[in-house]
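Below is one structure, written out as structure tokens; comments come after it.
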Amino acid sequence: MAIPTVQRHYWIFSADPHHYHWDTLFVKGKEMWDGAGAKPDAIRALKQVRKGDRVLCYHSAPERALYSIAEVTRDPYPDPHDHKGKNLVADLRAFEKLPRQVSLAEMRANPALKKMKLLKNVRLIVSHLTDQEYQDILRMAGIVATPGIPLP
């Protein structure tokens, strides 16, 4: 009997670099990310995130660029600092800084990314990416697949 494999999903998590800079994650190595706050659309999306998923870390204004890659190390859980129990957090591990940041303008200029949720609503805190969108963005950032070795 074959054991079903869990498919990895890809996400963009957005943060205001004045409030939380993604370098903080790289300094600490791993951290509880509470960027969804009390925003209902972010909490709904965060409920779909799973351990092992990859996250492209995005800085909102003024930078408006993808900055790095992180990995989810624990399924989302209730924020221990939220006494009402409505907010969710996720544990992230720093994975890799992008060799080159990918700006919002560059993503908008790429026809392969035209259906990407973030491009339709730049205010999204958590947005899902298809496998193809993730790979296209990694290529734009300068990460090229080696035959036989999957992209990070």
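Hey, what did the chain get for relative contact order, percent, Cα under 8 Å, at least 6 apart?
It comes to 27 percent, rounded to a whole number.
Take the alpha carbon atoms of region 98-147, find their center, do the same for region 56-92, and report the distance between the two centers in whole angstrom.
For region 98-147 versus region 56-92, the Cα centre distance is 18 Å.
Net charge within 12 Å of P17 by Cβ-Cβ distance, Lys/Arg positive one each and Asp/Glu negative one each, not counting P17 itself?
Values: positive: R64; negative: D16, D23, E63.
Neighbourhood net charge equals -2.
Among 107-115, 9-17, how do they line up from the highest to the lowest mean number of other beta-carbon atoms within 10 Å?
On the way: 107-115: 14.1, 9-17: 20.1.
The packing order, highest mean first, is 9-17, 107-115.
May I ask you to derive the FRET efficiency for K114 and R44 from their Cβ-Cβ distance with R0 = 25 Å, giving the value to the nearest 0.05?
Numbers: r = 23 Å, r/R0 = 0.94.
Taking R0 as 25 Å, the efficiency between K114 and R44 is 0.60.
Report, by chain and number, residues whose modeled amide H sits under 5 Å from the one on D79, excluding near sequence neighbours (fewer than 5 apart, same chain).
The list, which skips near neighbours in sequence, is N87, L88, V89.
Report, by chain and number, residues whose modeled amide H sits under 5 Å from the one on R74, excluding near sequence neighbours (fewer than 5 apart, same chain).
G52, D91
Which order do the peptides 67-78, 117-128 take when ranked by the mean count of other beta-carbon atoms within 10 Å per residue, highest first? Before the final figure, lay out each step's value.
Working: 67-78: 18.6, 117-128: 17.1.
In descending order of packing, they fall as 67-78, 117-128.
5 Å is the cut-off here: which amide hydrogens, built 1.01 Å from N in the peptide plane, fall below it relative to L129, excluding neighbours closer than 5 in sequence?
Y10, W11, I12
Taking a threshold of 26 Å on the Cα-Cα distance, which of the pairs K30/K114; K30/K86; K51/K117; K47/K84; K28/K51 fall above it?
Values: K30/K114 32 Å; K30/K86 23 Å; K51/K117 22 Å; K47/K84 17 Å; K28/K51 19 Å.
The answer is K30/K114.
Read the figures in this text as sums done on the coordinates, not as results from a lab. Predicted model, so just to flag it, every value in this text is computed and none were measured. Counting neighbours? That spans all protein chains shown, and the Cβs are built from the backbone with ideal geometry, glycine included.
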